[in-house]
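See below for the structure under consideration.
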Amino acid sequence: MLYFKHSALAKQYHVSLRTVHNWIDETKQGKLDLTLVDAGGKLYVANTAKNISLLTSLVENRRKYRNTKAVKNIYPKPEFYDLYSEAQIYDIVTNLEIHHEIPRQYSYMDQGAEHWDTYAIRLATERTANILNSTVKLLSISQHYLDELLAKYKKINIIDIGAGNAYPVRGFLDHLIKQNKMGRYIALDVSPDMLGIAKRNIHEWFGDAVKFESRICDINYDRFSDLLIQEYANENARDTVNVTLLLGGTLSNMRHPDGAFRVIHDSMGINDIFIYTYKLDTQTTRNYFDFSTDPSQIRLADIHRFVVDLLNIDESYYTVELGYDPRLQQRTEHLRLNVSLKLIFKFKAGIREVELNKGSSILTWRSHQQTAADIHRQIERNDFYILNSTQTDDCEYILSVAKVKSD
Ligand SMILES: C[S@@+](CC[C@H](N)C(=O)[O-])C[C@H]1O[C@@H](n2cnc3c(N)ncnc32)[C@H](O)[C@@H]1O
């Protein structure tokens, strides 16, 4: 590339578009020594080593000499330190520093779990199609196929990854109980509070017919194969199958979903079945941003604001921006900062400060927009073999059934 687009520079240096325009104006006035390129009558900053070095020192100096009164010092609330482990805080801080992002999984803790539960109940009762009621519909449509696939087994264990409030799996469990095939139900989730809600629901719906088991884990890193050893090696092994569910598009929010795919693949056995649901990329879904438990509110939705509020970033410091990034093929939600912030974090070993410039943004949510073909490629490149895929008639939701590829 011969020159940088203004938006690319703003993103790379975490500055506003106005700052980029100022750099160009100051260069024209002879105050800065940047090399500019004229493209179609518009001036851009040339992509040269000298320009990159100059911009880096400009941004550094700006940081050093910025009027400290213009920078808001932000101290996370005490609850932030009560709720997250030091390792999780480190993860949040480094993600803010490196990617200007709050990893989504931390939003489901404590009150965040209740917000998700309220939101999911709203989706479940809505008449229009959404990820929750479409997941339920796809599971129900696929039931006959799954019965055939699992016919030779007497017991079916369910491993529900990112279980949420367990609502989408309710009909499936009910069906297994009626067939007298219900084995273990194991909910895996990063949030102990979400697991608490799932446990309460499972107990309320099924009483003693389903014994709730759970584990707190981050599916990006934590394998779950040890949970399945007793099924793998006991005398009933041939009669039992494990079905791993990943429902509701949980991976779509992750920076690199393939990492979680690998963990899941490496945790599964040769006969185990994997069921995956996802909201697909269409022109309609690119514009879909319905996050609020109360859609009449125009503010950062409850299900996304939990960590932001714990960090103590006041609503007046940002504007919420929703959009589709065609380069990354992601829908995104950013907080565009109206003021410069210095976030001051306490660690056992000392203090770490993260500076975020006015005009820069924090990513609070992303969803990878993928077509059915993309989903199939993703499942296959992570060494699964696809047995079946079903879509809703609006082509917006998919359910894929797969098993691990064996040599
Ligand atoms: C989008 S909700 C989906 C819930 C449910 N499967 C559904 O379809 O309604 C995501 C769920 O996954 C959990 N979760 C998010 N990231 C996770 C991670 N990295 N590891 C484990 N669980 C995660 C959240 O706590 C939440 O319960």
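None of the figures in this text is laboratory data; all of them are computed from the coordinates on show. Because the structure is a prediction, the values reported are computed rather than measured. Using ideal geometry, Cβ is built from the backbone for each residue, glycine included, and neighbour counts are taken over all protein chains shown.
Principal-axis analysis of the Cα atoms of the chain puts helix 49-65 at an angle of about 90° to the longest axis. Applying the criteria of a DSSP loop state and at most 16 other Cβ atoms within 10 Å to the GluC sites (Glu not before Pro) of the range 208-249 yields E235. In straight-distance terms, cross-link reach from K77 covers every one of the aspartates and glutamates whose alpha-carbon lies under 16 Å from its own, apart from those fewer than eight places away in the same chain; here that gives E86, D110, D309, D314, E315, E353.
Shown here for the range 314-376: trypsin sites (Lys or Arg not before Pro) in loop regions (DSSP other than H, G, I, E, B) with at most 12 other Cβ atoms within 10 Å, namely R327, K348.
Here the sum of -39500 (n - 2.57) over DSSP H runs of 4 or more residues, divided by the residues of the chain, equals -11000 deg cm²/dmol at 222 nm, to the nearest 500.
Would you list which lysines come within 21 Å of K152, measuring only between C-alpha atoms, while excluding same-chain residues fewer than 8 positions from it? The qualifying lysines are K178, K181, K403, K405.
Just so you know, the Rg over Rh for the range 89-222 is 1.02, from Cα atoms, with Rh as the Kirkwood radius. Using the Cβ-Cβ distance between N338 and D38 with R0 set to 22 Å, the FRET efficiency works out to roughly 0.10.
The alpha-carbon positions of the range 3-65 define a convex hull whose volume is 79 Å³ per residue. Taking all C-alpha pairs of the chain, those more than 34 Å from each other amount to 38 percent.
A237 sits among other residues whose Cβ lies under 15 Å from its own Cβ, and their net charge, with Lys and Arg +1 and Asp and Glu -1, is +1.
Lysines within cross-link reach of K72: Cα-Cα under 16 Å, excluding same-chain residues under 8 positions apart? Candidates past the 8-residue exclusion: K64, K342, K358. When the Cα convex hull of the range 26-142 is projected onto planes of every orientation, the mean area is 15.3 nm². All other residues whose Cβ lies under 14 angstrom from that of V210 are scored, Lys and Arg at +1 and Asp and Glu at -1, for a net of +3.
Applying both filters, DSSP loop and at most 14 other Cβ atoms within 10 Å, to the chymotrypsin sites (Phe, Trp or Tyr not before Pro) of the range 194-245 gives Y221. Each Lys or Arg adds one and each Asp or Glu takes one away; over the other residues whose Cβ falls under 11 Å from the Cβ of N338, this sums to +1.
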